[in-house]
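This report concerns only the one structure given below.
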Amino acid sequence: MKVFGLTGGIGMGKSTCAQLLRARGIPVVDTDDLARTVVEPGQPALGEIRAAFGAQMIDKDGHLNRDELARSVFSDPAARKRLESILHPRIRDLWWAQAKEWEAQAHPLGVVVIPLLFETGAESEMDATVCLACSEATQHERLAARGWSGEQIDQRIRAQWPIEQKLAKSDYVIWTEIGLDVHADQLDQILRAIKSRVAAGQ
């Protein structure tokens with residue numbers, strides 16, 4: 001089985017692409033979902049976050065106060081690195097376990113969505129990488145539609161590699177500027193190329 005990493009800038013269409021992949025019968029795991037799993041009440045990571053960042057990071061119901069944590073880590077690169085050191089190893093273990101399940105189920109291909117794929121060096125564990133991208137103006141427009149302020153948008157963009165750097169390291173690229181049909185057409189072309197590689201044992 002081949003495992004492919006799907007990445008791209010924030011707001012550039014990763015979730016949409018994951019939906020298109022699932023609709024085509026390809027199993028997908030999103031590390032954003034896994035990140036929520038590892039900080040559920042009772043999980044060791046939640047206790048480590050409390051110890052590292054303070055009791056205010058946990059709400060009265062015992063859940064992670066995501067807004068408070070975001071304010072803390074996105075304004076402080078050292079704090080963000082500390083959080084990543086708590087979360088990333090656990091997230092990696094979960095997506096690898098999922099990949100092993102896919103292999104046991106005889107899937108020829110599985111996809112892991114990792115926003116920080118290159119930033120964390122996870123590309124070395126992938127058979128190939130696909131990057132989604134759009135213009136900076138469209139990216140800002142999409143993130144503003146989520147209700148984020150300009151400062152929040154800039155902080156999150158700065159927390160990732162520039163999209164040009166991601167594109168340069170990727171095996172395949174999908175440009176999501178135009179529309180869903182074009183996005184899907186590009187994905188289908190890549191899937192055909194990937195399936196050819198799998199069939200050839202590459």
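The values are calculated or read from the model by the stated rules, or taken from the named source; none is laboratory data. Not measured: the values here are computed from a predicted model. All Cβ positions, glycine included, derive from the backbone under ideal geometry; neighbour counts span all protein chains shown. Just so you know, the surface numbers come from the protein's heavy atoms only, side chains and all, with ligands and any DNA or RNA stripped out. Shrake-Rupley method; radii C 1.70, N 1.55, O 1.52, S 1.80 Å.
Given (1) at pLDDT 95 or above; (2) farther than 30 Å from Glu136 by Cβ, where does Asp61 come up short, assuming only one miss?
Here Asp61 meets the rest and fails (1).
If the requirement is being among the β-branched types (Val, Ile, Thr), in contact with a helix residue (DSSP H, G or I) (Cβ under 8 Å, 6 or more places away or on another chain), in contact (Cβ under 8 Å) with a residue 60 or more places away in the chain and assigned to a helix (DSSP H, G or I), which of these qualifies: Ile26, Ile86, Ile91, Ile49?
Among Ile26, Ile86, Ile91, Ile49, only Ile91 is among the β-branched types (Val, Ile, Thr), in contact with a helix residue (DSSP H, G or I) (Cβ under 8 Å, 6 or more places away or on another chain), in contact (Cβ under 8 Å) with a residue 60 or more places away in the chain and assigned to a helix (DSSP H, G or I).
Evaluate the following for Ala193: is it of a type in the set (A, V, I, L, M, F, W, C) and at pLDDT below 95? Quick ask: steps written out before the conclusion?
Working: of a type in the set (A, V, I, L, M, F, W, C): yes; at pLDDT below 95: yes.
Yes.
What do you reckon, is Phe74 touching a residue at least 40 places away in the same chain (Cβ under 8 Å) and either of a type in the set (Phe, Trp, Tyr) or open to solvent by 30 Å² or more (accessible area, probe 1.4 Å) (or both)? Talk me through it step by step, then tell me what you get.
Values: touching a residue at least 40 places away in the same chain (Cβ under 8 Å): yes; either of a type in the set (Phe, Trp, Tyr) or open to solvent by 30 Å² or more (accessible area, probe 1.4 Å) (or both): yes.
Taking the combined requirement at face value, the residue satisfies it.
In segment 119-127, is there at least one residue being assigned to a helix (DSSP H, G or I), free of Cβ contacts under 8 Å to residues at least 24 places away in the same chain, exposed (fewer than 13 other Cβ atoms within 10 Å of the Cβ) and not hydroxyl-bearing (Ser, Thr, Tyr)?
no
When the residues of segment 1-22 are narrowed to those that are in a helix (DSSP H, G or I) and polar (S, T, N, Q), which ends up least open to solvent (accessible area, probe 1.4 Å)?
This residue is Thr16.
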